[in-house]
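The values are calculated or read from the model by the stated rules, or taken from the named source; none is laboratory data. Keep in mind the model is a prediction, meaning the values are calculated, not measured. We place every Cβ from the backbone using ideal geometry, glycine too, and count neighbours over all the protein chains shown. To get the accessible areas, we keep the full protein, side chains included, count just its heavy atoms, and leave off ligands, DNA and RNA. Shrake-Rupley method; radii C 1.70, N 1.55, O 1.52, S 1.80 Å.
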Amino acid sequence: MRRLTPALALGLAALLAGTPASAATGTAARNSYGTKATYTPGQNPRTYQRPPAGFTPVFTENVSRHGARAATDGEDGDLVLALWKKAEAAGQLTAKGRELGPRVQALQDAMSTVGHGDLSGRGKREIRDTAVRMEQRLPGLFRRIAGAEERIDVVSSGQGRAVDSANLYAAGLADTDPALKPLIGPTRADVDLLYFHKAAGGAAYRDYLAHDQRLASTLKSITDRPTTHRAARDVLKKLFKGAFVDRLSDADRVAAATAVYNLYAIAPAMSDESPGGKGWGMERFISERDAAWFGYLSDAEDFYEKGPGFAGSDITYRMAGVLLDDFFKKVEAKRDGTGDLGAELRFTHAEEIIPLAALMGLPGSTRGATAERPYTYADNPWRGAFVAPLGSNIQWDVFRKGDTYLVRMLYNEKETAFRAGCRPIGKNSSFYDLDELERCFGRADSAS
């Protein structure tokens, strides 16, 4: 098997991370988890900008991906365990491979106990913690909501883990400020708004996934590379003896290595269920370089199927307009005095967060790939671990002074500028006049 020289290996790590080689390791490690990366708030709360003098918070709204969860099914674990048992019976396990079977079985058992696709202990904790931080960021708003008895609307996609996340978030708010409890409505479902990729509004998108030949050929060209086959062989040879690996077909090697990677990627989300809560140690079974490559392949699929996709086409994110429209409608209702909400809380999935980020032009989601230059880490900033990790969220806080309304956006709890062309109220300010946002997003006719 042809091996990379140390210099080329270091260069590959830097390429994958999109950073200088000296900084590649930490960035690549998080990138390697793709959209299964666990949640981390993006900013120290002590560093948020203060609203301009005289402005007070009057409304907040968000959309959040559900929290960390178990794998949606047991296929990856079943595949790995079947191969492991076959190798064990043939005496073809390496020393590290002998550790793999019991570890995977324990992880499988834990995910079955949690429920495939359901929130893990970590996911439940992180969602509640995010709610608590929202209340702590805006104590004046929630005092106002309680005093004025304004409603807090909670809405989900209707899917189990999103419903559970919504209920946990609402409970976190109520526990932080019990006066809010009677104002929090029961979680309602809105499939068209928060599961739009499977609703009527996603029909053209689903046709794209099923029939677009450019999509299929591009993903095949990215996946079916010598690097993929090299990485698959390297992953398996850590676990199984060479003769056993060599007898597998190329397709079976890639499938098995991908399953090992998928278990590696989901393991941190299940950390609370690990022995002693210390983690599953799945990183022992795949090198950083190989995890980075399979993480890139996962990101490439999400980029083309859910994110910015092909330059000049908005088929992957046009359908998110229903959600962006709802953000504006809720703020406009507050401005116009036609709504009675103090907060609007929405809970959904990566399939909605990723296209919304692209539609809004959020950091990392601003550029599609051309046919001549397919998506790579080297020349495109899109990373699933940053765009839509488990528990990712977008929040708009609204502040008022007289007839002027300002909006601040937080993306994964980090103050974030609106897209290029939107002018903040001052240089480097995180606050935008609502009228300016309506102009910038082509909604000027909605302004009063």
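What's the total number of residues in the range 239-256 that are in contact with a Gly (Cβ under 8 Å, 6 or more places away or on another chain) and closer than 16 Å to F294 by Cα?
Residues that pass the stated criteria total 0.
Out of (1) surrounded by 11 or more Cβ atoms within 10 Å (Cβ to Cβ); (2) out of contact with any strand residue (DSSP E or B) (no Cβ under 6 Å at 6 or more places or on another chain); (3) modelled with pLDDT of 95 or more, the odd one out for A24 is which?
Exception for A24: condition (3).
Quick grid of which residues meet (1) open to solvent by less than 20 Å² (accessible area, probe 1.4 Å); (2) touching a residue at least 24 places away in the same chain (Cβ under 8 Å); (3) under 31 Å from the mean Cα position of the chain (by Cα):
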residue	(1), (2), (3)
A89	no, no, no
Q92	no, yes, no
L100	yes, yes, yes
G117	yes, yes, yes
R122	no, yes, yes
E126	no, yes, yes
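Identify the residue in the range 38-80 that is in a helix (DSSP H, G or I), charged (D, E, K, R) and modelled with pLDDT of 95 or more and, among all such residues, is most open to solvent (accessible area, probe 1.4 Å).
Checked the range 38-80; the qualifying residue most open to solvent (accessible area, probe 1.4 Å) is E75.
Of these, L138, L119, L93, which one is farther than 30 Å from V163 by Cα and among the aliphatic types (A, V, I, L, M)?
L93
Condition (residue is in contact with a helix residue (DSSP H, G or I) (Cβ under 7 Å, 6 or more places away or on another chain), at pLDDT 95 or above, open to solvent by 50 Å² or more (accessible area, probe 1.4 Å) and of a type in the set (A, V, I, L, M)) applied to the range 319-337: is it met by at least one residue?
Yes, the range 319-337 has at least one match.
Just for the range 28-37: of the residues that are open to solvent by less than 40 Å² (accessible area, probe 1.4 Å) and closer than 19 Å to A357 by Cβ, which one is farthest from the chain's Cα centre (by Cα)?
Here the residue is N31.
When the residues of the range 190-241 are filtered to those that are touching a strand residue (DSSP E or B) at 6+ places or on another chain (Cβ under 9 Å) and open to solvent by 70 Å² or more (accessible area, probe 1.4 Å), which remaining residue is nearest to N62 (Cα to Cα)?
The residue in question is R214.
Test F294 against the stated conditions and say whether it is crowded, with 24+ Cβ neighbours inside 10 Å, of a type outside the set (K, R) and in contact (Cβ under 8 Å) with a residue 40 or more places away in the chain.
Numbers: crowded, with 24+ Cβ neighbours inside 10 Å: yes; of a type outside the set (K, R): yes; in contact (Cβ under 8 Å) with a residue 40 or more places away in the chain: yes.
Yes, satisfied.
Looking at the range 174-252, what helices (runs of 4 or more DSSP H) fall wholly within it and have at least 3 residues that are within 27 Å of the chain's Cα centre (by Cα) and within 28 Å of R284 (Cβ to Cβ)?
Correct list: 226-237.
Quick grid of which residues meet (1) among the acidic types (D, E); (2) within 30 Å of E332 (Cβ to Cβ); (3) out of contact with any helix residue (DSSP H, G or I) (no Cβ under 6 Å at 6 or more places or on another chain):
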site: S32; (1), (2), (3): no, no, no
site: N44; (1), (2), (3): no, no, yes
site: P52; (1), (2), (3): no, yes, yes
site: F55; (1), (2), (3): no, yes, yes
site: T72; (1), (2), (3): no, no, yes
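Every residue in the range 177-214 that is in contact with a Pro (Cβ under 9 Å, 6 or more places away or on another chain) and not hydrophobic (A, V, I, L, M, F, W, C), please.
Correct list: D177, H197, Y205.
Somewhere in the range 273-286, is a residue closer than 29 Å to A358 by Cβ, hydroxyl-bearing (S, T, Y), modelled with pLDDT of 95 or more and crowded, with 16+ Cβ neighbours inside 10 Å?
Taking the range 273-286 as the starting set, the residues that turn out to be closer than 29 Å to A358 by Cβ are none.
No, the range 273-286 contains no residue that is closer than 29 Å to A358 by Cβ, hydroxyl-bearing (S, T, Y), modelled with pLDDT of 95 or more and crowded, with 16+ Cβ neighbours inside 10 Å.
Of the conditions (1) without any contact (Cβ under 8 Å) to a residue 40 or more places away in the chain; (2) acidic (D, E); (3) within 30 Å of G337 (Cα to Cα), D153 satisfies every one except a single condition; which number is it?
It fails just one condition, (1).
Looking at the range 401-422 only, could you name the residues that are closer than 16 Å to P363 by Cα, open to solvent by 30 Å² or more (accessible area, probe 1.4 Å) and outside any strand (DSSP E or B)?
Matches in the range 401-422: A417, R419, A420, G421.
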